[in-house]
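Visitor: After the structure tokens below, expect a handful of questions from me.
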Amino acid sequence: MRQGLSSFWNAVAPFVGWAILPLAAGILIAGFIPQPVIGLIYLNDSINPYSAESMIRQIEYARNHPEVRGVVLVLSSPGGTVADTESVYLELLKLRQTKPVVASVNQIAASGAYYLAVGSDYIITRPTSTVGNVGVIGYLPSAPGIYESIISTGPYKLFGYPRDHYIRQTEMVKQGFALAIQAGRGDRLNVGMDSILTGQLWLGTEAARMGIIDQIGNQSDAEEKAAELARVRNYTTLDLSTVSGYEMPEFMFYGQSPDGETLQTPAEPGIYLLYIPPLPVAEQ
Amino acid sequence: MNKTNRIISAIALLLLPIALRLAWTNAFPFVYQPNVTTPNFEQATVPEPPTASAPLAGTESELAAGQVVLIDYAHSNQFYVNEIEPFTRALTSRGAITEIHLGEESLDHHLKYASAYVIISPLGLFSPPEIRSIERFVADGGRLLVFTDPTRGIAFFDYSFPDIDSANLLLSSTGIAFSGDYLYNLSDNEGNFRNVKFSEFGENPFTEDLGMVVLYGAHSVSAGNGTALLKASDKTVSSLTDKGGDLAGMALSADGNVLAAGDFTFMTTPFFTVADNALLVERVAEFALGSQRQPSLANFPYIFKGDVTLVPLGTTQLTSDLLYRVSAMQAVFRMGNINLSIGAEQGKGNNLLIGTYEEDEAILAILEKYKIEIGDSREFVTMPGIGKIGLMGTGAMLFEPGPNGNTLILLADTSENLDTLLTMFYQGDLFGCVVQENLGICSLGSGGSFNDGSYEDYYYGDDYYYDDEYEEEPEPSATPAG
């Protein structure tokens, strides 16, 4: 037995220095090369200050971690506030300078959520996911007035905006949305902006024909597409919310009726990139 | 194997697993090529409202002095009167009076003296009698202005109570109809898709000098046989079909007396300052005050505009009873800002002549002028176009409109019945009168004992002072009995 080992060593020993050790070192180093990760950022809520903050932290994580080679934005959202939507959108554009982002729509990517989707490289939806509802919704501020017990230093200090100007500002927000769509979809659009700006919702199959999205598929297709764009294979996926270190607090984006029911309209007045679904038909 | 080869092999063996690992996890070519277009958000601008194409000419004041524009507020109208202040200002600057119809008095009553009737966003339906009154008003030359507004009905996601139902029911005889839609334009609008610009106009003096007007959320209006005044551009579409075509935002009826607009926001602040909307508001006011309505007995008792002189004819005396009626009449006139004065002769303006059928020069001249003949037996009076009428217990109203004023002649068989006729006049009650054009024949009771049921009859009638058990004291006689 001992003689056998000795003869094996004698046979191998000439190779140890110049072959086996480098190979072992190579294997060791290769082991340190991380498996590529396709990061997953989920948005299953309205876009509000907290969900936006959470997404931005995840985007930052993806940008700062080289193993995250691409990101899939998994959307199921009716949109939300304008500023938060734009904030996430701009972070997505920054991330795309180094890593591809693919949007995958589950149930719905309406209004602000579609705004985020056009900030990605590629949009995949299910056949009956709903996308679109491009536009802005807002509640006019009160007509300016003065009150005996409230002192302010200007006519709009209490109200923020002249009502007419507010309408015009809303139009400007829409223009920004349209610019984002044109920048994101470009030549892929098969319909004019007039059609898109009607605010209509489209099913995935219609949206694909119109160039509003790129492909019908599921989240796994989106992950594959992200990997393809990132030029990676044999990747793994990671829910970035689990590693971004941000705990999203409870937040009531929608208002509540006096009997405690959650309404379909935001709790705070303002300008929104939001789809508010129709109320159920009441018995008449 | 020499040393060099061994070194090369060693390096290759070192790199091999790394390369294999990289090849396993990466696809060729290895480099991600970003294709990111950042939108230039600075291109987005706040749209500015269009300015007027020409400055507004000053309005000639007092052109419509005394004309009353009635504004409907009795049909759950979805607006506040102060919202349409630019419109009411345009009316009052021309000397017109705006009056609100709250529904406390009958519409028919108000329409007797109004020049125009303005209905804005009515949710309540007009009753058949009201519709007939309005149709008569328009047929007589009164101006009807109907404004609806898609932002003012009560709308829910799946059902709505729009103002067009009421308006369309009212306008059915004119051929004008509102659609249950709103107009929009996504590419060329005034700050919002629902704020529609109009640069094409129907040929009509109403639209002269208009360059561009803007309606802020408007139903489309079908003009029928009338004129589409504000024609939508090709790019403006109806929300019902999402298609354009023959769409209008304002229409004029074929007879020129009915104006229908699918929006009234253009008459509110600040929207009336945009483009030529201020001029449009002026035109709407001019239209409202352009009534060609001729005063007639149908408008009784509102047949005078301006001060009136009352002239007793013949031997008519201003007795206590008659003075009472005249004072009541004066109070009624005063409520309409009209002064009633008593004169011995006809004035140059409006005149109210009162008298009985008697052999007086002035009265005979009137009878001759109106071809009224009194039979020799004085039992009948023959009226042109009517024929013989019993003289006893009847009275006549003769109305003659004139360029400088109108004249109303009230004749009765007796002075008591003249009192009754005057009462009917100031109470505005033609019940008991047959009116044919500008001639009215009234039943005043038999031989002057007619009781018209007015409160004066109650308070001043015999029953008020004397109860049933009261026995009239015998008249004192000049010579004591017995």
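Coordinate-derived values only; no laboratory data. Model, not experiment: these values are computed from the prediction. Every residue, glycine among them, receives a Cβ derived from its backbone with ideal geometry; neighbour counts consider all protein chains shown.
Visitor: To check you understand DSSP bridge types, tell me what percent of the beta bridges within the protein assembly as shown (both residues inside) are antiparallel, rounded to 5.
Guide: Values: 54 of 113 bridges.
Restricted to the protein assembly as shown, the bridges split so that about 50 percent are antiparallel.
Visitor: Please give the net charge around B:Ala248, taking every other residue with its beta carbon less than 13 angstrom from that of B:Ala248, where Lys and Arg add +1 and Asp and Glu add -1. Write out the running numbers ahead of the final one.
Guide: Working: positive: B:Lys231; negative: B:Asp181, B:Glu200, B:Asp246, B:Asp263.
Result for the local shell: -3.
Visitor: Per residue of A:157-167, what is the mean number of Cβ atoms on other protein chains within 10 angstrom of that residue's Cβ?
Guide: Numbers: counts 0, 0, 0, 0, 0, 1, 1, 8, 3, 0, 8.
So the per-residue partner count for this stretch is 2.
Visitor: Further question on the same structure: Could you check the spin-label model distance between B:Thr51 and A:Gln200? Points 7 Å from the Cα along Cα→Cβ, value in nm.
Guide: So the label points at B:Thr51 and A:Gln200 sit 3.9 nm apart.
Visitor: Moving on. Within the set of other residues whose C-beta is less than 15 Å from the C-beta of A:Asn133, count the net charge using Lys and Arg as +1 and Asp and Glu as -1. Before the final figure, lay out each step's value.
Guide: Working: positive: A:Lys174; negative: A:Glu206.
With Lys, Arg at +1 and Asp, Glu at -1, the neighbours total 0.
Visitor: Hey, what D do you get for chain B in µm²/s if you plug the Kirkwood alpha-carbon radius into Stokes-Einstein at 4 °C and 1.567 mPa s? Display every interim value, and only then the final one.
Guide: Details: Rh = 27.7 Å.
Once the numbers are plugged in, D ends up at 47 µm²/s.
Visitor: Would you work out the relative contact order for chain A, in percent, from Cα pairs under 8 angstrom that are 6 or more residues apart? Working shown, then result.
Guide: Values: 506 pairs, mean separation 69.6, N = 284.
Relative contact order of chain A: 24 percent.
Visitor: Next question. Per-residue Cβ counts within 10 Å, from other chains only, averaged over A:229-235: what number is that? Can you show the working numbers first?
Guide: On the way: counts 4, 4, 9, 6, 5, 6, 2.
Per-residue shielding by partner chains comes out at 5.
Visitor: To one decimal place, what Kirkwood hydrodynamic radius in Å is obtained for the stretch B:297-465 from all pairs of distinct Cα atoms? Please report the intermediate quantities before stating the final value.
Guide: On the way: mean 1/r = 0.0620 Å⁻¹.
When all Cα pairs of the stretch B:297-465 are included, the Kirkwood radius is 16.1 Å.
Visitor: Here's something else I'd like to know. Among DSSP bridges having both ends in the stretch B:297-465, what percentage is antiparallel? Round to the nearest 5. Before the final figure, lay out the partial values.
Guide: Working: 21 of 35 bridges.
Among the beta bridges of the stretch B:297-465, antiparallel pairing accounts for roughly 60 percent.
Visitor: Computed FRET efficiency, Cβ-Cβ of A:Gln107 and B:Asp108, R0 60 Å: what is it to the nearest 0.05?
Guide: On the way: r = 59 Å, r/R0 = 0.99.
Working from the Cβ atoms, E equals 0.50.
Visitor: For the pairs A:Lys99/A:Lys225; B:Lys112/B:Lys305; B:Lys112/B:Lys369; A:Lys174/B:Lys197; B:Lys348/B:Lys388, note any where the Cα-Cα span goes beyond 23 Å. Walk me through the intermediate numbers first.
Guide: Details: A:Lys99/A:Lys225 12 Å; B:Lys112/B:Lys305 12 Å; B:Lys112/B:Lys369 27 Å; A:Lys174/B:Lys197 19 Å; B:Lys348/B:Lys388 33 Å.
Listed pairs above 23 Å: B:Lys112/B:Lys369; B:Lys348/B:Lys388.
Visitor: Still on this model: When A:Trp18, B:Trp24, A:Trp9, A:Trp202 are ordered from fewest to most other Cβ atoms inside 10 Å of their Cβ, what list results?
Guide: Numbers: A:Trp18 19, B:Trp24 14, A:Trp9 10, A:Trp202 22.
Arranged by neighbour count, lowest to highest, A:Trp18, B:Trp24, A:Trp9, A:Trp202 become A:Trp9, B:Trp24, A:Trp18, A:Trp202.
Visitor: Now, a different point. In whole Å, what are the Cα extents of the protein assembly as shown along the three principal axes, biggest one first?
Guide: Taking max minus min along each principal axis of the Cα atoms, the protein assembly as shown gives 184, 61, 48 Å.
Visitor: Here is a further query. Which FRET efficiency, nearest 0.05, do B:Asn404 and A:Phe251 yield, Cβ-Cβ r, R0 45 Å?
Guide: Working: r = 77 Å, r/R0 = 1.71.
In this case the efficiency is close to 0.05.
Visitor: Continuing with this model, one more query. Go through A:212-218, B:403-409, A:104-110 and give me the packing order, highest mean Cβ count within 10 Å leading. Each step should come with its number before you reach the end.
Guide: Details: A:212-218: 20.3, B:403-409: 17.7, A:104-110: 24.9.
Put in order of decreasing packing, that is A:104-110, A:212-218, B:403-409.
Visitor: Would you mind giving the mean number of other chain beta-carbons within 10 Å of the Cβ of each residue in A:178-184, as a whole number?
Guide: On the way: counts 3, 8, 5, 1, 3, 6, 4.
Other-chain Cβ atoms within 10 Å of each residue's Cβ, averaged: 4.
Visitor: Follow-up question, since we're still on this one. Rank-order B:199-210, A:129-140, A:263-274 by packing density, defined as the average count of other C-beta atoms within 10 Å over each peptide's residues, highest first.
Guide: On the way: B:199-210: 15.7, A:129-140: 21.7, A:263-274: 18.4.
In decreasing order of mean packing, B:199-210, A:129-140, A:263-274 become A:129-140, A:263-274, B:199-210.
Visitor: Modelled label-to-label distance, B:Thr315 and A:Arg233, 7 Å Cα→beta-carbon offset: nm?
Guide: 13.0 nm
Visitor: Another question, then. Under the Karplus relation 6.51 cos²θ - 1.76 cosθ + 1.60, θ = phi - 60°, what is the ordered set of whole-Hz ³J(HN,Hα) values for the stretch B:377-389, x standing for Gly and Pro?
Guide: Whole-Hz 3J(HN,Hα) from phi for the stretch B:377-389: 7, 6, 8, 10, 10, 9, 9, x, x, 10, x, 7, 9.
Visitor: Another one. Zone of A:Leu189 (label point 7 Å along Cα→Cβ, backbone N under 19 Å): which residues in the stretch A:201-226?
Guide: Residues passing the 19 Å test: A:201-215.
Visitor: Could you tell me the center-to-center distance, by alpha carbons, between the stretch B:6-51 and the stretch B:108-140 in angstrom?
Guide: Centre-to-centre distance over Cα atoms comes out at 74 Å.
Visitor: Given H placed 1.01 Å from N in the peptide plane, which residues other than close sequence neighbours of B:Cys433 have an amide H under 5 Å from its amide H?
Guide: Amide H neighbours of B:Cys433: B:Ser443.
Visitor: Also, quick follow-up: Starting from the Cα-Cα distance between B:Glu99 and B:Asn339, subtract it from 0.36 nm times their residue separation and give me the gain in nm to one decimal.
Guide: Details: separation 240, 0.36 × 240 = 86.40 nm, distance 1.95 nm.
That works out to 84.4 nm of additional length.
Visitor: Is the stretch A:127-205 rounded, prolate or oblate when judged by the Cα gyration tensor, a ≥ b ≥ c being the square roots of its eigenvalues, rounded requiring a/c under 1.5 and prolate requiring a/b larger than b/c? Kindly include the intermediate steps, with their values, before the conclusion.
Guide: Working: a/c = 4.49, a/b = 2.87, b/c = 1.57.
Verdict is prolate for the stretch A:127-205.
Visitor: Semi-axes of the equivalent ellipsoid of the stretch B:240-316: what are they in whole Å, largest first, if each equals the square root of 5 times a C-alpha gyration tensor eigenvalue?
Guide: Details: eigenvalues 364, 59, 16 Å².
Those come to 43, 17, 9 Å.
Visitor: Under a plain spin-label model, where a point goes 7 Å from the Cα along Cα-to-Cβ, how far apart in nm are A:Ser7 and B:Phe28?
Guide: Distance between the two pseudo-spin positions: 4.4 nm.
Visitor: Related question: For B:Glu200, what residues show an amide H to amide H distance below 5 Å, using hydrogens built from the backbone and excluding near sequence neighbours?
Guide: Amide H to amide H, under 5 Å and 5 or more residues apart or across chains, B:Glu200 pairs with B:Lys231.
Visitor: Near the amide H of B:Glu99, under 5 Å away, which other amide H atoms are found, from residues 5 or more places off or on another chain, if H is placed in the peptide plane?
Guide: Those lying under 5 Å, H to H, from B:Glu99 are B:Val69, B:Leu70, B:Ile71.
Visitor: Could you give each residue of the stretch B:415-431 its phi-based ³J(HN,Hα) in whole Hz, using Karplus coefficients 6.51, -1.76, 1.60 with θ = phi - 60°, and x for Gly or Pro?
Guide: Once θ is set to phi - 60°, the couplings for the stretch B:415-431 become 5, 5, 6, 5, 4, 4, 5, 5, 4, 4, 5, 6, 7, x, 10, 9, 5 Hz.
Visitor: Next question. Compute the FRET efficiency between B:Ser327 and B:Leu364 as 1/(1 + (r/R0)^6), taking r as their Cβ-Cβ distance and R0 = 22 Å, and round to the nearest 0.05.
Guide: Numbers: r = 29 Å, r/R0 = 1.34.
Given R0 = 22 Å and the Cβ-Cβ separation, E is 0.15.
Visitor: To continue, here is another question. Please give the Cα centre distance for the stretch A:1-49 versus the stretch B:345-378, rounded to the nearest Å.
Guide: 129 Å
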